[in-house]
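S.K.: Below you'll find the structure I mean.
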Amino acid sequence: MASIVMSFEGEIPMGRVMSVDTMRVFIHVDDHELLKKVMVGNLIAINGATGHQFLISIVERITRLPSDAVVASEALDDETLPQPEEMQDTIRAVLVGTYRVKDGDSGPSFKRGADSCPQIDQPCHLIQGANLTAFMGVLSQDVPADKALRLGHFAIDPTAEAVADGDRFFQRHAAILGSTGSGKSYTVAALLERANTLSHPNILLLDMHGEYVSLAKGQEYGYAEYFKIAGPGDLVAPGAHCLFLPYWLLNREEMLSMLLDRSDQNAPNQAQVFTSLVSDGKRKTLVDEGRSEVEASFTVDSPIPYDIDAVVKELDRLDNDREPGARAGTDRKGEWNGKLTRFISRLRAKSEDRRYGFLFQPPPESSTYDWLSMLAVRLLATNGEHSSGIKVVDFSEVPSDVLPTVVSVMARVLYDVQFWMNAELRTPVCLVCDEAHLYLPVRADADAAAKRALDTFERIAKEGRKYGFALLVVSQRPSDVSKTILSQCNNFIALRLTNEQDQSAVKSVMPDSMAGIADVLPLLDIGEAIVLGDSILLPSRIKLDKPKATPLSLTKNFWREWGEKSSDTAAIVAAVESLRRQSKVRV
Ligand SMILES: Nc1ncnc2c1ncn2[C@@H]1O[C@H](COP(=O)(O)OP(=O)(O)OP(=O)(O)O)[C@@H](O)[C@H]1O
Ligand SMILES: [Mg+2]
């Protein structure tokens with residue numbers, strides 16, 4: 001318990017409240033020397049209605065203008081320059097919370113929101129030195145140790161630890177946003193590392209570039225379970241860490257968004273025939289498995305294995321079908337004759353393409369009825385022999401055109417399992433969506449496949465809280481990420497953002513009062529962030545911790561390396577082979 005209490009007794013106030021609106025105060029500063037020390041982001045305590053409470057505000061703007069009187073006298077007599085005491089010094093600050101010297105029997109406390117509006121003429125003090133230490137002490141003691149999620153240190157007081165409420169951070173989705181190289185992946189790794197200190201964390205990280213393989217068990221400081229969506233090189237003898245997401249996990253819309261050419265005049269026919277054949281295939285499996293209860297209520301979207309070769313065969317038959325003509329001895333084209341040709345060739349092309357092997361060429365065991373429950377256990381369990389609670393899923397070899405589909409299938413299957421789980425036995429899960437702009441675009445820019453992904457993720461963003469399913473959205477282009485998803489996020493770690501469009505996208509999802517604080521976004525250092533949201537008491541600039549196990553995303557030192565290191569011919573040759581194989585050849 002922090003026993004040091006903030007006190008301004010005997011201190012001359014720096015100024016007085018000049019004007020107030022709902023969220024902001026304007027302070028008239030009398031101490032002109034002190035003004036030079038004040039910086040944007042500093043904290044100011046305003047005397048509250050009682051002697052036991054202070055309203056805390058963050059400096060947004062500092063201005064020095066010649067006062068009206070000076071301007072008037074200047075007009076009369078231009079000889080002298082305005083003296084400091086003839087200056088009008090003002091500070092604009094945003095109200096963030098209330099500090100109580102004593103809270104009932106307990107010591108000092110801080111809570112968000114101003115209890116009352118500051119009154120005109122109330123004295124204001126800059127919080128610095130021992131008072132700053134006392135105030136910061138209250139901030140960190142306010143989060144109980146079992147909920148504390150350490151993020152780093154406050155920029156205004158590097159000795160003070162910045163801790164967030166870990167429950168609140170994940171409860172209602174969070175986002176990590178920042179330009180490329182600002183430190184997002186490092187922040188993700190640092191969060192995972194913190195979570196890994198808990199007994200049963202459950203976090204799944206969707207890794208688009210294979211940069212988190214260094215967090216895997218077996219690597220230095222590694223702790224995570226590593227999975228990789230099988231690439232073309234993994235089809236013959238897939239390793240234990242290879243994941244397949246067989247075609248039968250896809251629902252009707254996802255399958256069609258991949259296979260159907262909507263501009264084809266036969267598209268509705270193709271969709272209809274395909275859907276009914278898939279439904280028949282699933283029914284056959286259920287009958288063979290003796291699952292009569294499921295058979296009574298399944299739909300075409302239920303994840304039940306079926307034989308795609310049988311479907312193709314039947315499509316082929318219908319495409320070439322002829323039926324008896326009106327006159328005896330003649331025949332004519334069947335109902336579907338010639339209407340399915342293009343659909344079949346697209347389906348064949350996809351299923352034979354090795355890049356789509358993880359969908360269409362899964363190993364035989366993944367076509368069994370029980371396989372899905374094994375997959376769900378591998379990905380959702382926190383205590384199984386195959387699962388540590390933190391899992392990295394490497395999507396780096398997934399072709400970009402199916403990326404939204406595959407990511408959304410994975411998210412949907414996990415979410416659905418979580419949804420259908422007994423509420424009392426359900427434990428919370430967080431899905432970290434790195435590089436979210438790649439598969440969760442703004443709806444207006446989305447193609448058919450990305451729209452399906454958006455449907456899935458928007459549903460999770462809207463309903464996930466109730467089922468203990470959280471999203472942590474990470475992106476370097478917040479302006480390209482679905483607004484619906486971002487606006488559902490309640491906590492933000494905003495790192496350096498240089499692009500104006502992205503800055504306004506971030507500001508648009510922040511509370512109005514924070515817009516001033518967000519102005520520093522382009523000025524932040526690497527690994528420095530503005531952290532906002534209900535998990536942190538004081539929205540502020542934080543120097544984030546670096547993880548021990550770092551992602552493989554190190555920024556190259558061009559100039560130095562050009563001065564020191566020559567290229568490796570064997571590596572170039574190996575890269576060409578990797579390109580041909582569509583699988584990384586390790587040299
Ligand atoms: N907290 C930190 N403190 C100091 N340096 C950091 C910190 N976080 C990241 N860095 C440095 O910044 C570089 C890039 O970090 P990172 O890979 O996390 O960027 P990113 O935001 O994920 O970029 P991208 O959007 O391109 O994936 C790293 O080389 C690392 O050295
Ligand atoms: Mg990154």
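The values are calculated or read from the model by the stated rules, or taken from the named source; none is laboratory data. These numbers were taken from a predicted model, which means no experiment stands behind them. Here the Cβ is made from the backbone with ideal geometry for all residues, glycine too, and neighbour counts use every protein chain on show.
S.K.: How about segment 14-52: which of its residues are closer than 18 Å to Thr98 by Cα, at pLDDT 90 or above and more than 33 Å from the chain's Cα centre (by Cα)?
M.R.: Arg16, Val17, Val20, Val25, Phe26, Ile27, Ala45, Ile46, Asn47
S.K.: Specify which of the listed residues (Ala224, Ala216) is buried (at least 22 other Cβ atoms within 10 Å of the Cβ) and either assigned by TED's automatic domain parsing to the domain that holds Val429 or within 16 Å of ligand 2 (Cβ to nearest atom) (or both). Working first, answer last.
M.R.: Values: Ala216 fails: buried (at least 22 other Cβ atoms within 10 Å of the Cβ).
Every option except Ala224 fails the conditions.
Listed here are the residues, each with its yes/no results for (1) more than 16 Å from Val188 (Cβ to Cβ); (2) more than 16 Å from ligand 2 (Cβ to nearest atom).
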| site | (1), (2) |
| --- | --- |
| Thr484 | yes, yes |
| Leu495 | no, no |
| Ala515 | yes, yes |
| Asp519 | yes, yes |
| Arg541 | yes, yes |
| Asp545 | no, yes |
| Leu552 | no, no |
| Glu564 | yes, yes |
| Ala575 | yes, yes |
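S.K.: So, in segment 542-553, exactly how many residues are crowded, with 22+ Cβ neighbours inside 10 Å and more than 8 Å from ligand 1 (Cβ to nearest atom)?
M.R.: 1
S.K.: Let me ask another. If you check Leu537 against the conditions, is it of a type in the set (A, V, I, L, M, F, W, C), part of a loop (DSSP other than H, G, I, E, B) and away from ligand 2 (no atom under 16 Å from the Cβ)? Break it down into steps so the answer makes sense when it comes.
M.R.: Values: of a type in the set (A, V, I, L, M, F, W, C): yes; part of a loop (DSSP other than H, G, I, E, B): yes; away from ligand 2 (no atom under 16 Å from the Cβ): yes.
Yes: the conditions hold for Leu537.
S.K.: Any idea which of Ser408, Ser479, Ser400 is in contact (Cβ under 8 Å) with a residue 60 or more places away in the chain and of a type in the set (Gly, Ala, Ser)? Explain how you work it out, then say what you get.
M.R.: Values: Ser479 fails: in contact (Cβ under 8 Å) with a residue 60 or more places away in the chain; Ser400 fails: in contact (Cβ under 8 Å) with a residue 60 or more places away in the chain.
Result of the check over Ser408, Ser479, Ser400: Ser408.
S.K.: A follow-up question, please. Among what's in segment 522-534 and is surrounded by fewer than 17 Cβ atoms within 10 Å (Cβ to Cβ) and part of a loop (DSSP other than H, G, I, E, B), pick the residue that is farthest from ligand 1 (Cβ to nearest atom). It would help to see each step written out before you state the result.
M.R.: Quick first cut of segment 522-534, residues surrounded by fewer than 17 Cβ atoms within 10 Å (Cβ to Cβ) only: 522-523, 525-526, 534.
Next, from what is left, pick out any that are part of a loop (DSSP other than H, G, I, E, B): 525-526, 534.
Values: Asp525: 8, Ile526: 5, Asp534: 23 Å.
Checked segment 522-534; the qualifying residue farthest from ligand 1 (Cβ to nearest atom) is Asp534.
S.K.: Could you look through segment 178-210, keep only residues that are under 16 Å from the mean Cα position of the chain (by Cα) and charged (D, E, K, R), and pick out the one that is nearest to ligand 1 (Cβ to nearest atom)?
M.R.: Lys184
S.K.: Working carefully through the options Val96, Val143, find the one that is over 30 Å from His200 (Cα atoms), touching a strand residue (DSSP E or B) at 6+ places or on another chain (Cβ under 9 Å) and β-branched (Val, Ile, Thr). It would help to see each step written out before you state the result.
M.R.: Details: Val143 fails: over 30 Å from His200 (Cα atoms).
Going through Val96, Val143 in turn, the sole match is Val96.
S.K.: Any residue in segment 270-289 that is part of a loop (DSSP other than H, G, I, E, B), surrounded by fewer than 17 Cβ atoms within 10 Å (Cβ to Cβ) and of a type outside the set (Ser, Thr, Tyr)? Spell out the reasoning first.
M.R.: Here is the first cut: in segment 270-289, the ones part of a loop (DSSP other than H, G, I, E, B) are none.
The answer is no; no qualifying residue exists.
S.K.: I'm told Ser567 meets every condition in (1) within 13 Å of ligand 1 (Cβ to nearest atom); (2) in a loop (DSSP other than H, G, I, E, B); (3) at pLDDT 90 or above except one. Can you identify the failing condition by its number?
M.R.: That leaves (1) as the condition not met.
S.K.: Scanning segment 132-166 for residues that are in contact (Cβ under 8 Å) with a residue 60 or more places away in the chain and charged (D, E, K, R), which turns out farthest from Tyr212 (Cα to Cα)?
M.R.: Asp142
S.K.: Got a sec? Which helices (runs of 4 or more DSSP H) wholly within segment 306-365 have at least 1 residues that are closer than 13 Å to Leu259 by Cα, of a type in the set (Gly, Ala, Ser) and within 43 Å of the chain's Cα centre (by Cα)? Explain how you work it out, then say what you get.
M.R.: Details: elements: 308-320, 341-352, 357-360.
In segment 306-365, the matching helices (runs of 4 or more DSSP H) lie at 341-352.
S.K.: Something else about it: Of the conditions (1) on the phi < 0 side of the Ramachandran plot; (2) within 16 Å of ligand 2 (Cβ to nearest atom), Gly181 clears all except one; give me its number.
M.R.: Answer for Gly181: the failing condition is (1).
S.K.: Any chance you could count how many residues in segment 396-447 are in a loop (DSSP other than H, G, I, E, B) and farther than 21 Å from Ala174 by Cβ?
M.R.: Within segment 396-447, the subset in a loop (DSSP other than H, G, I, E, B) is 396-402, 421-428, 434-435, 439-440, 442, 446-447.
Applying the additional criterion that residues be farther than 21 Å from Ala174 by Cβ yields 396-402, 421-425, 446-447.
Number of matching residues: 14.
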